[in-house]
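Report on one structure; see the data block that follows.
The values are calculated or read from the model by the stated rules, or taken from the named source; none is laboratory data. Worth saying up front: this structure is predicted, and the values here are computed from it rather than measured. Virtual Cβ from ideal backbone geometry, glycine too; neighbours counted across all protein chains shown. Note: accessible area is taken over every heavy atom of the protein model, side chains too, but ligands, DNA and RNA are not part of it. Shrake-Rupley method; radii C 1.70, N 1.55, O 1.52, S 1.80 Å.
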Amino acid sequence: MLRLLLSTALAAGLATGLAAQELTVGAANVSSYLDPGRDHSNVGSQFYYNIFDTLIDKNHDRLDAEWQPALATEWHLVEPTVMELKLREGVLFQNGEPMTADDVVFSLNRMYQATFPPYVVRSRDRLDNFEKAEKVDDLTVRITVKREEPLWETLLNLQQVMIIPEDYTKGLTGDPKVAEDDDFEAFSLAPIGTGPYRVTEFVPGERLVWERFDGFWGDKAPLAKVTVQQIPETASRVTALKTGEADIITNIAPDQLGLIENDPKLTAVGSATPLFHVMIMNVNHPKLKDPRIRQAMSLAIDRDMLNEALWFGKAVVPDSHTYKEFGDLYMPELKTFEYNPEKAKALLKEAGYDGFEITYDTHPTYYTNGMLAAQAITEMWKEVGINGKVNIVEKWSGGSPEMMARNWSNPMYFADPFGSFGVMWAPHGPSEGEGRFNTDEAYAKVWERFRYSKDVEARKAAYAELQERIKQDPPFLVLYRPYESWAMNKSVTWAPKPGHIPYVLDFRAGAISLASN
């Protein structure tokens, strides 16, 4: 409930000169843990930017990369594979401990030299080139990579390398001098960072409470307290907003916007989110090993019809795995995906498809319009002769050998093909690691050219080769870039910033304001 509170800090001359303000967010989902290193989910990405900082930040008002100092005030290469960074003085963690070079080295090496299994996965899919971080002195660190890195600042701005306190983390369980797996598990339930808000309550999967951290090194947080409450059903979120139980609600599909627009007290902001909803297919399922069957599953889906029916035409339906945000590497000319039901029928006949059932897994509420899309897709399959069935699952099934097809999402973690397609479909990345996708030596060689070349045209050529591989032996189909909205009381001025990864609830200074009505 949005309200103005008399601030006891006002009398003490707080710089804002305003009464303390509180905000409640009705969210479709709340994480089961809070650890920026292990997380790369859509749900988790909402929460970390308010709690933690990276060494290098960016201007989130822009799509292109304008790097800015954060916990590091300056940085430069001392060798082609070594970067030196100067740290900001006077930074405090939210438990009052000063941030040191030791904390930075610990935070980075927990990812670069990962042993905790969830960190190993994240390290492998996006940080594999990073070898180590070392302390030079109390305010200087050096980072070494294995080979020259074309994306230095980008990969030091990732959520996964946000800085956490060494002594606090090691002291959570067991030997306080050793970082144990149990320490990281405990940290994920009681996180501490250097950001403008500290976590004062966390009920996994239900509720998260932030309060302003007055020891923050930067501009003070504009809100005294934020409560994020999970409200899974869209209708219930809208009701909570209308009754004043929530001030902002997340994940509103276009067909619900009329309920917001017809209420003079409410407003909504939305955009085609920098994220793809995708259908994944298990290339190693015994029934789906023939790529012609998976090609037919893809060719049968009229994505433009899904866009019109579910998103009122507001979603973006691409021909390949590409975003305008990729800049010079945006490649709309690629034709990786298409709708061709007649070709689908012919391929099924060639493959000797005998009508066996193909299941399509979906969580009932996790993805906006996810259930409706799953139902529509199985109906489209029926039109070409595929016997499809929607399988409702509450837990992630993408790593199960029994999974045949399901919905998933490929966010744009940063504005480069490596930051979306690359993270998900790299050799030894999460898709291959979960056993539903295969790479080989030829794929890996093309990947190397795509990942490390400093020449844009060489990277584009390699990316086109990777997309052709996806077309011929498909492990996924990009459905669309969904159009998602956030609705709020008109006394709240807020909108997602274009330079953030999807769904970030940025409540830092300058990002949100509340009218004093």
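If a residue has to be of a type in the set (F, W, Y) and either in contact with a Ser or Thr (Cβ under 6 Å, 6 or more places away or on another chain) or over 24 Å from E484 (Cβ atoms) (or both) to count, how many in the range 312-361 make the cut?
First, the residues of the range 312-361 that are of a type in the set (F, W, Y): 312, 323, 326, 330, 337, 339, 353, 356, 360.
Narrowing the set further to residues that are either in contact with a Ser or Thr (Cβ under 6 Å, 6 or more places away or on another chain) or over 24 Å from E484 (Cβ atoms) (or both) leaves 330, 353, 356, 360.
Adding up the residues that qualify gives 4.
Close contacts from the range 482-502, counting a first residue that is without any contact (Cβ under 8 Å) to a residue 24 or more places away in the chain and a second that is surrounded by fewer than 20 Cβ atoms within 10 Å (Cβ to Cβ) and among the hydroxyl-bearing types (S, T, Y), with Cβ to Cβ under 9 Å and a gap of 6+ residues or different chains, come to T493/S513. Among the candidates A415, A405, the residue that is farther than 17 Å from P475 by Cα and in contact with an Asp or Glu (Cβ under 8 Å, 6 or more places away or on another chain) is uniquely A415.
Within the span defined as the range 152-164, every residue fails to be without any contact (Cβ under 8 Å) to a residue 40 or more places away in the chain, buried (at least 20 other Cβ atoms within 10 Å of the Cβ) and not in a helix (DSSP H, G or I).
Within the range 54-88, being in contact with a Lys or Arg (Cβ under 8 Å, 6 or more places away or on another chain), modelled with pLDDT of 95 or more and surrounded by fewer than 13 Cβ atoms within 10 Å (Cβ to Cβ) holds for Q68, E74, V78. The single condition among (1) crowded, with 16+ Cβ neighbours inside 10 Å; (2) in contact (Cβ under 8 Å) with a residue 60 or more places away in the chain that T239 does not satisfy is (2).
Considering S420, S453, the condition of being among the polar types (S, T, N, Q), closer than 30 Å to L151 by Cα, at pLDDT below 95 and surrounded by 18 or more Cβ atoms within 10 Å (Cβ to Cβ) is satisfied by S420 alone.
Candidates D247, D219, D255: the one that is among the acidic types (D, E), in contact (Cβ under 8 Å) with a residue 12 or more places away in the chain and within 26 Å of L310 (Cβ to Cβ) is D255.
Every listed requirement among (1) without any contact (Cβ under 8 Å) to a residue 24 or more places away in the chain; (2) in a helix (DSSP H, G or I); (3) open to solvent by 10 Å² or more (accessible area, probe 1.4 Å) is met by D175 save one, (2).
Of the residues E350, E338, the single one that is in contact (Cβ under 8 Å) with a residue 24 or more places away in the chain and in a helix (DSSP H, G or I) is E350. The single condition from (1) touching an Asp or Glu at 6+ places or on another chain (Cβ under 8 Å); (2) touching a residue at least 60 places away in the same chain (Cβ under 8 Å); (3) more than 27 Å from F312 (Cβ to Cβ) that T365 fails is (3).
Selection of the range 173-188 for residues being of a type in the set (V, I, T) and closer than 15 Å to S107 by Cα yields only V178. Reported count of residues in the range 275-303, each being in a loop (DSSP other than H, G, I, E, B) and in contact (Cβ under 8 Å) with a residue 40 or more places away in the chain, is 10.
On the stretch given as the range 1-26, residues that are in contact with a Pro (Cβ under 9 Å, 6 or more places away or on another chain) and modelled with pLDDT of 90 or more total 1. Residues in the range 128-143 that are closer than 11 Å to N109 by Cα and either under 18 Å from the mean Cα position of the chain (by Cα) or not aliphatic (A, V, I, L, M) (or both): 4 in all. Can you tell me which residues in the range 367-381 are open to solvent by less than 20 Å² (accessible area, probe 1.4 Å) and either in a loop (DSSP other than H, G, I, E, B) or over 17 Å from A296 (Cα atoms) (or both)? Those that are open to solvent by less than 20 Å² (accessible area, probe 1.4 Å) and either in a loop (DSSP other than H, G, I, E, B) or over 17 Å from A296 (Cα atoms) (or both): T368, G370, A373.
Restricted to the range 91-150, and to residues there that are among the basic types (K, R) and not in a strand (DSSP E or B), the residue that is most open to solvent (accessible area, probe 1.4 Å) is K146. If the condition is being of a type outside the set (A, V, I, L, M, F, W, C) and in contact with a His (Cβ under 9 Å, 6 or more places away or on another chain), then the range 327-350 contributes only T336.
Among the residues of the range 294-324, the ones that are of a type in the set (D, E, K, R) and open to solvent by 30 Å² or more (accessible area, probe 1.4 Å) come to 5 in all. Consider the range 382-417 and keep the residues that are open to solvent by 20 Å² or more (accessible area, probe 1.4 Å) and β-branched (V, I, T). The one that is nearest to M281 (Cα to Cα) is V390.
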